[in-house]
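The block underneath contains the structure these notes are about, expressed in C-alpha cells.
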Ligand code: CP3
C-alpha cells in the first residue's frame, strides 16, 4: 500500500525530506480531553488496550489535532509481563503494579515464553485495525520495552526510584537476571515481529531505565539484549525496510556503543546535545529527539525558541526525527503542543534546502 507521507521513514533512512518529521513519545494519552473521555468509557487501561476499535480511536486522536508524521500503536510495554502471568494492574494515580513480582531464582525459572498469538493477539488486532484506518496517511510505529526495563517492573513489582530488588538480583545472582533477560529478549523478538507482520512499519524499543545502570552493567544487562533483539527482527516487510529505533533514557554517554548494535536510529533525551550526538554517531544512525517535554509548560514564545535551538543543534541535512526527549506529561496544555508544531513547521524547512 502507498504511503501518503513517508517523511518519517525517509528521515530514518537518512534520506532528504522537505521538513523535519515529528511524532511525540506518549502522544496518545491523558493530556488530551478526548483520550480521557474514551478512557472513561473503556473500563480499565488494559480494557482499552484490548479493545481494538477504541485503541485505534485513541491512536488516531493526536493525528486529528496535530500535523504528526507517524502514529504509534496504543498499547503498553507491560503487555509482555502481563502475558507471562504476572497480573498487571493500574491503581489510579499510582502507576503499574504486578500481583506476582519475580523476586527469586525459582520465580525466574518458573517463567515461560508467552504465546504471542494466543496471549498478545489483541495487540496484533489493534495493529491491523489501526493500519486499515490510517489508510496510508502516515506510518505506524510498533514498540516494546527493552528486556532490562521490563525486568525492572517485573522484579520490583511496580515503578521504582532506586531499583533495589532488581539491582540486588543483578549483583547477587546475575545468572538469574540473565536468564530472565534472555527470556524477555526472545519474547520481545516474537512480539515485535508479530507487530511487523500485522502492519507496524517501524519499531521502537523503549529502554526507559537503562540510564540507571553503571557503564559495565548497562552493556552487560541492557545493551547486549537490545543487540540480540535488533539481530532477531524482520528488517524488510511489504517491500520496504522496517527501521528500528533504540531509545535509552539517560544513555547519552554510551551513544557510540548504542549506535554500533545495528539499529537504524537512536532516540535521545534532552540531556544529550543533538549536535554533539550527530558528530559522534550521525554517520551511522539517524537521531530522534530531543525537546525536554517540560518545555511545553512554558509559554509559546519560549517553546518556539527551544524548538529553534533543537533544530539548529542538529543542523542542516537529513537524519533527524523531531520528538520529545521523553513522554509528554499528562499535565500538558494541548494548545502548547499546537505551538510546538507550528514552530517546527515554520522553522524546519530551512534545514532541508537542496
Ligand atoms: O501514545 C503512545 O506513545 C502510545 C502508548 C504508550 C503507552 N505507554 C500508553 C500508556 C506507550 C508507547 C507506552 C510506553 C511505556 N509504558 C513506557 C516507556 C516509555 C516511557 O514513558 O518511558 C513505560 C515505562 C510504560 C509503563 C507505564 N505504563 C507506566 C509507568 C504507566 C503509568 C504512568 C503514566 O505515565 O501514565 C503506564 C500507563 C499508561 N501507558 C498510560 C498510557 C496512556 C496511562 C494510563 C491511563 O490512561 O490510565
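The values are calculated or read from the model by the stated rules, or taken from the named source; none is laboratory data. Since the model is a prediction, treat every value here as computed from it, not as a measurement. Cβ coordinates were reconstructed from backbone atoms using ideal geometry, including for glycine residues, and neighbour counts include every protein chain displayed.
Pairs are defined by a Cβ separation below 7 Å, a sequence spacing of at least 6 or placement on different chains, a first member in segment 153-166 that is closer than 17 Å to residue 93 by Cβ and within 13 Å of the ligand (Cβ to nearest atom), and a second member that is modelled with pLDDT under 95 and not in a helix (DSSP H, G or I); the pairs so defined are 158/95; 159/95. Comparison of 196, 258, 245 shows that the only residue that is touching a residue at least 40 places away in the same chain (Cβ under 8 Å), under 28 Å from residue 170 (Cα atoms) and touching a strand residue (DSSP E or B) at 6+ places or on another chain (Cβ under 9 Å) is 245. Does segment 220-240 contain any residue that is free of Cβ contacts under 8 Å to residues at least 40 places away in the same chain and assigned to a strand (DSSP E or B)? Yes, segment 220-240 contains at least one residue that is free of Cβ contacts under 8 Å to residues at least 40 places away in the same chain and assigned to a strand (DSSP E or B).
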